[in-house]
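Q: First the structure, then my questions, so here it is.
Any read-out appearing in this document is the output of simple, stated calculations on the displayed coordinates, not a laboratory observation. Fair warning: this is a prediction, and the values are worked out from it, not measured in the lab. Using ideal geometry, Cβ is built from the backbone for each residue, glycine included, and neighbour counts are taken over all protein chains shown.
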Amino acid sequence: MKHKIHLTIYLLLIWQLLAVAIHNDIIIPYPLVTLKRMFEMLLMPDFYQTLLMTLSHVIIVVLVSVIMAFGLAYVAYRFSIIEIYVSPVLSILQAVPNISFIILVLLWASSLQTVYVVLFLVVFPLLYNHFISGFENIGSDLEDVILLYHPPFFDKMIHVYLPLIMPNFLSGIKSSLSLGVKVAVMAEILAGLPYGVGRAINFARIQFDMIGVFSWTIWLVIMILFIDYLLDKLIRSE
């Protein structure tokens, strides 16, 4: 924690020095001016609505992806032939630049659909890789016990396998939420979505309001760090 505080102070000093040297708010605004804008944003109802709209896109896609990735990871764990075919496809998806997904999907879908589809294509492979690693780490002794008691399918999924892969499960959700927020904002900007943080950042850019761009960016970083903090707590408690 001490090192993080020192790093934050150093970054603020560098930011202040650059702002003084350039002395142009259109290029780099002053930290105190940006901080003031950030506090002003807290008094605006639209600020919370904008954050919630972007966060809702991410949460919806992550929830759907968790269910699908967990199911596919289990099938691939039980039948290795599935894993042989699935892994290369998902590896290719992860290798494709996010901006390429956005441009391609925009040709066939609306702005909102593009955000959802691109988020899914980015988040799903990430979750699958975490889940399949968790399944593969289950020891053969535990598998023998599970086969011996032979619980009903859904009980086995929720009360047996899910707790066994919980560290990988939480780690996958943490990674997908952090990455999802970044990808969602980029998709909102490029897809021209009329609401969300991406729209707010793009509007500030068009208005040459770099204070607004910096303010929204810092709030996004704070939100991602807060999500990571909560999930880290859960992971350590396991």
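Q: Putting +1 on Lys and Arg Cβ atoms and -1 on Asp and Glu Cβ atoms, find which of LEU162, LEU190, LEU234 reaches farthest to the positive end of the dipole of the chain.
A: LEU190
Q: Right, here's the next one. Which value in nm describes the separation of the simple spin-label points at LEU43 and LYS182, placed 7 Å from the Cα toward the beta carbon?
A: Output for this residue pair reads 3.4 nm.
Q: Another question, then. Span-like helices, the chain: DSSP H, alpha-carbon axial extent 18 Å or more, mean Kyte-Doolittle 1.0 or greater, which ones?
A: What comes out of the filter, once short or polar helices are dropped, is 2-22, 45-78, 80-95, 111-136, 166-191, 210-237.
Q: Among [x] 71, 48, 32; [y] 58, 48, 29; [z] 74, 53, 32, only one was calculated for this model; which label is it, if the read-out is Cα extents along the principal axes in Å?
A: Entry [x].
Q: How large is the helix-only mean residue ellipticity at 222 nm for the chain, computed as the sum of -39500 (n - 2.57) over DSSP H runs with n ≥ 4, divided by its residue count, in deg cm²/dmol to the nearest 500?
A: It lands at -27500 deg cm²/dmol.
Q: May I pose another question? About the Cα centre of the chain, what is the dipole size in debye to 20, counting +1 per Lys and Arg Cβ and -1 per Asp and Glu Cβ, all else neutral?
A: Using only the charged Cβ atoms, the result is roughly 560 debye.
Q: Take segment 1-85, compute every pairwise Cα distance, and split them into 5 Å bins from 0; I just need the percent in each bin.
A: That works out to 3, 11, 10, 10, 10, 12, 11, 8, 8, 8, 7, 3, 0, in percent per bin.
Q: Could I ask something else about it? Find the centroid of the Cα atoms in segment 36-87 and in segment 219-238, then give the distance between the two in whole Å.
A: So the two Cα centres are separated by 14 Å.
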